[in-house]
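As C-alpha cells, the structure follows; a few thoughts come after it.
The values are calculated or read from the model by the stated rules, or taken from the named source; none is laboratory data. Treat the numbers as computed from the prediction; the structure is a model and nothing was measured. Reconstructed Cβ throughout: ideal geometry from the backbone, glycine too, with neighbour counts over all protein chains shown.
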Amino acid sequence: MATYLRREEGISVSLSVIARVWKENDLQPWRQGTLKLSRDPKFAEKVIDIVGLYLDPPDGAVVLSADKKTQVQAWSGRKGCGWKEVGDGRWRLIRVR
C-alpha cells in the first residue's frame, strides 16, 4: 500500500501509519488474499461517495451493497467436498483434496 501511494499518488506514508489506519478502521486486507485496485480514473471519487454513504447516511436511508464476483468457479457438492465444524455448532462446506 505504501508503494502504491508513493507511485500513484506521489505521497510517502510509512508502513506503521498504514497499519494504524487499518487497525483504527478494522480493516484486514490480508484476509482477502489479493488487493486489486480499479484503474477507473474516477475510482477515488466513487469510493469517497460509497464510503460517505456508510459513514453518514441520509436520514431514513437504508444502505445496501452487493458484491459482484466475476470468477467464481462452480464445483460439485457430491464429489471432493465435505463438512467441517467451525465452532458454536456451525458447519462449513469445504473442498476435500
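Structural remarks
- Criterion violated by Asp67 - all others in (1) modelled with pLDDT of 70 or more; (2) within 23 Å of the chain's Cα centre (by Cα) satisfied: (1)
- In the range 1-13, the residues that are under 15 Å from Lys36 (Cβ atoms) reach residues that are outside any loop (DSSP other than H, G, I, E, B) with C-beta atoms within less than 8 angstrom, at least six apart or across chains, in these pairs: Met1/Ile18; Met1/Pro29.
- Gly33 being within 16 Å of the chain's Cα centre (by Cα) and modelled with pLDDT under 75: yes
- Enumeration of residues in the range 19-50 that are surrounded by 10 or more Cβ atoms within 10 Å (Cβ to Cβ), among the β-branched types (Val, Ile, Thr) and farther than 17 Å from Glu9 by Cβ: Ile50
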